[in-house]
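Remarks on the structure that follows.
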Amino acid sequence: MEFRLLGTVSVGAASGDLDLGPVKRRSLLAALLLRCNLPVPVDHLTDAMWEDEPPPRARGVVQGHVSRLRTLLAESEAEAYGIQLVTQGTAYVLRCPESLLDLHRFTELISLASAQTEPHDAALMYQEALALWQGPALTGVLLSPPLQTAAQELEDRRLEAVTKLAACWATLGEHARAASVLRPEAEAYPLRESLSAALVRSLYLAGRRSEGLDWFHRTRRLLSEELGIDPSPDLSAAYVMALQAETRLPAAPAAPADDETEPLAPAPRSETDLLPRAPRGFLGRKDERARLTALADSAPGVVLVTGPAGAGKSALAVRWAHDEAARFPDGRLYADLRGEPGDPAPAPHTVLSDFLRALGVPPQDVPDGAAGAGALFRRLCAGLRLLVVLDNAPASAQVRPLLPGGRNCLTVVTSTRRLGGLVSSDQARRLPLGPLAGPESRAVLASGAGTARIDADPGAADELTALCAGLPSALRAVATRLADAPERTLRDFAGELADPDRRLRLLDVEDSGLRTALSRSYEALPPDTAALLTALARHHAPRTDPAAAAALTGTTAYRAEDGLDALTDAHLLVRAAPGHWELPDLVRLHAREAQPLLPAPADVVPLPPLFLVGRPAEEEDPRPAPATDA
């Protein structure tokens, strides 16, 4: 569990962010967290929860929100993390391990950075501290005087950390990197002369003298127009340094041979682009593309595009990356983490090496180990507006080393797995892909069959869509086959596709199609999980539960439930109701084709159509039995 103040005030739990309810309750939580583990008087909470004079019933309202917040934390099993909201006289105390609060981690890292004697080590800690910020502090709370004051104080601390980080880079002779750190903040706070002065000096020392002079004149005009004042002595001195300097700029210090010291940061390069070509004929997903844009606008970070095999996750991510190129002036990086058939997935160091070379790092300067390469990659990205697309991620552990640093980078991860670990550790936001809507499915079919054929028999088109489960990969395969046979009617092809023995073959086109995608998902399963899927596919009941799955595989019910959860995580099962799962028809057909991993169905103990209820009496299961149908 994690409490966040450095951005939108929120609480992250294993199941996702908690619904904190109205803005007053979020403001109450913020006021408690700002004084974590200390008594907060009711009067202080009242001031935080009303922008103007509180009403006479304010104390009762505070008590009601405290009660609801306490219930929410209890339902989320917060006590297991050492979290308690207790009453202490006329005050409330939110007891919480400080490590669960992002503000505490930020403060601790800043303190550690200030104590470092080596500027390189200090810079790493400042970067790690600043990466905790996901937007303006205390976003989403009321604009009450106490919270406004706290938010401004936190922002001042962040800007101080930015300035110290830039000073570290300047000490190391990394003036271009210092400028890239300072520029976004100077743009956001154009009247903060200390930021502008540091930026002018960094631009000059980085060999960008004209940019530095232009920035000074821009700031001078703003100061005159907005405040009616002249530049400060510090800003004026930076201007004089750039104006009177010799044409020959100071030479950058030679990079030491020590592998622990990173090479000079390359200037941002808009031509950095590792994206594959945009998918041709991309149709549909209008709402999902708009949602991805909204997530990118709300706060950069990690967006996790998930869905079953054949849902078009990769096509959506790559198409959107091409459409939104202007958002990422410093480049777009791409890596397929699945690997080619028969080849292992690429190691993190291999991917990081490709990324670093794309960012301008000479091959000989790429660190040998994954840890060093990752650290260098994060440092280079700290001041960039960069898009990273990590396609077909098999696990959260393979994604984490490849995440960029900095607040302005966006990472889009696609996976058939839900990757809950990435949501927990990096606050990844999910964008689930389901089947295409009816009009979008018909548009995909029309791309091959033609609009006239679709309009001539819309019922057959809907039947084809249903047999394809609305999956873009399957629909494109059908569209291709319809284009190859213009004399055939949609009704005839729907009849062929309804044959379960032929359906998967008809939904594959050469080396692409649904069967190929399902095979990759199936082959990635552990043997016992694949065995469970095979057993479920051979059984004809529409639903299953842990007891039935255990009977099919000869294991215990709670182990069978773990397997059912794993298949759900891989989008190969659907949780139909609490304690009950359904196997999609196309997954069932593919699993029956796969290499048999269990005895023939005749060797399996037959089950009643509705499946067994409960668990075998002799089994000892520490967990409560799942709910069952009557």
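The values are calculated or read from the model by the stated rules, or taken from the named source; none is laboratory data. Not measured: the values here are computed from a predicted model. Quick reminder, even Gly has a Cβ in these numbers, built from the backbone with ideal geometry, and neighbours come from all protein chains shown. SASA here: full protein model, heavy atoms, side chains in, ligands and nucleic acids out. Shrake-Rupley method; radii C 1.70, N 1.55, O 1.52, S 1.80 Å.
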- prompt: For the range 215-232, which residues satisfy the criterion of being in contact with a Leu (Cβ under 9 Å, 6 or more places away or on another chain) and either over 13 Å from ARG183 (Cα atoms) or among the hydroxyl-bearing types (Ser, Thr, Tyr) (or both)?
  reply: THR219, ARG220, LEU222, LEU223, GLU226, LEU227, ILE229, ASP230, PRO231, SER232
- prompt: Could you say whether any residue in the range 311-319 is of a type in the set (S, T, N, Q) and touching a residue at least 60 places away in the same chain (Cβ under 8 Å)?
  reply: yes
- prompt: Name the pairs whose Cβ atoms lie under 7 Å apart, with the first residue in the range 106-135 and charged (D, E, K, R), the second assigned to a helix (DSSP H, G or I), and 6 or more positions between them or separate chains?
  reply: GLU128/LEU109
message: For the range 567-582, give me each residue that is in a strand (DSSP E or B), open to solvent by less than 20 Å² (accessible area, probe 1.4 Å) and under 18 Å from THR306 (Cβ atoms).
response: TRP581
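Let's see how each residue does on (1) open to solvent by 60 Å² or more (accessible area, probe 1.4 Å); (2) part of a helix (DSSP H, G or I):
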| site | (1), (2) |
| --- | --- |
| VAL11 | no, no |
| ARG26 | no, yes |
| CYS36 | no, no |
| GLU53 | yes, no |
| PRO56 | yes, no |
| VAL61 | no, yes |
| VAL66 | no, yes |
- request: Select from the range 75-89 the residues that are among the hydrophobic types (A, V, I, L, M, F, W, C), modelled with pLDDT of 90 or more and open to solvent by 20 Å² or more (accessible area, probe 1.4 Å) and list them in ascending order.
  value: VAL86
task: Determine which single condition GLY16 fails, assuming it passes every other condition in (1) open to solvent by less than 70 Å² (accessible area, probe 1.4 Å); (2) at pLDDT 90 or above.
output: (2)
Among the residues listed as THR465, THR480, the single one being open to solvent by 30 Å² or more (accessible area, probe 1.4 Å), of a type in the set (Ser, Thr, Tyr), under 22 Å from ALA437 (Cα atoms) and assigned to a helix (DSSP H, G or I): THR480
task: Provide a single number: the residues in the range 497-525 that are at negative phi, in a loop (DSSP other than H, G, I, E, B) and open to solvent by 60 Å² or more (accessible area, probe 1.4 Å).
output: 5
task: List every residue pair whose Cβ atoms sit under 8 Å apart, with the two residues 6 or more apart in sequence or on different chains, where the first one lies in the range 286-301 and is open to solvent by 40 Å² or more (accessible area, probe 1.4 Å) and the second, anywhere, is of a type in the set (S, T, N, Q).
output: PRO300/ASN408
- request: For ALA48, indicate whether it is buried (at least 20 other Cβ atoms within 10 Å of the Cβ), touching a helix residue (DSSP H, G or I) at 6+ places or on another chain (Cβ under 7 Å) and more than 24 Å from SER425 (Cβ to Cβ).
  value: yes
- prompt: Can you find a residue in the range 192-200 that is open to solvent by 50 Å² or more (accessible area, probe 1.4 Å) and either within 26 Å of the chain's Cα centre (by Cα) or touching a residue at least 24 places away in the same chain (Cβ under 8 Å) (or both)?
  reply: yes
query: When you go through (1) small (Gly, Ala, Ser); (2) open to solvent by 40 Å² or more (accessible area, probe 1.4 Å); (3) under 18 Å from THR149 (Cα atoms) one by one for ALA115, which number turns out not to apply?
result: (3)
task: May I ask you to list pairs of residues, at least six apart or on different chains, whose Cβ atoms are under 6 Å apart, with the first in the range 9-38 being under 24 Å from ARG418 (Cα atoms) and the second being open to solvent by 60 Å² or more (accessible area, probe 1.4 Å) and outside any helix (DSSP H, G or I)?
output: SER10/ASP17
- prompt: Is there a residue in the range 340-356 that is open to solvent by less than 20 Å² (accessible area, probe 1.4 Å), in contact with a Leu (Cβ under 6 Å, 6 or more places away or on another chain) and outside any loop (DSSP other than H, G, I, E, B)?
  reply: yes
task: Write out, first by first residue and then by second, each pair whose Cβ atoms fall under 8 Å of each other, whose residues are 6+ apart or on separate chains, and whose first residue, in the range 83-103, is basic (Lys, Arg) while the second is open to solvent by 70 Å² or more (accessible area, probe 1.4 Å).
output: ARG95/GLN84
task: Go through the range 357-400 and give me each residue that's among the acidic types (Asp, Glu), open to solvent by 10 Å² or more (accessible area, probe 1.4 Å) and out of contact with any Pro (no Cβ under 7 Å at 6 or more places or on another chain).
output: ASP368
task: State which residue is nearest to LEU275 (Cα to Cα) when the search covers only the range 330-354 and only residues that are at pLDDT 85 or above and out of contact with any helix residue (DSSP H, G or I) (no Cβ under 6 Å at 6 or more places or on another chain).
output: TYR334
- request: Could you look through the range 453-462, keep only residues that are of a type in the set (Gly, Ala, Ser) and either open to solvent by less than 50 Å² (accessible area, probe 1.4 Å) or touching a strand residue (DSSP E or B) at 6+ places or on another chain (Cβ under 7 Å) (or both), and pick out the one that is farthest from ARG503 (Cα to Cα)?
  value: GLY459
task: Filter the range 421-451 for residues that are of a type outside the set (Lys, Arg), open to solvent by 60 Å² or more (accessible area, probe 1.4 Å) and within 21 Å of SER314 (Cβ to Cβ) and give the result.
output: PRO432, PRO435, SER447
- line: Within the range 119-167, residues open to solvent by 30 Å² or more (accessible area, probe 1.4 Å), farther than 25 Å from VAL42 by Cβ and small (Gly, Ala, Ser) come out as ALA131, ALA167
- request: Working only within the range 92-120, note down all residues that are over 30 Å from GLU174 (Cβ atoms) and in a loop (DSSP other than H, G, I, E, B).
  value: CYS96, PRO97
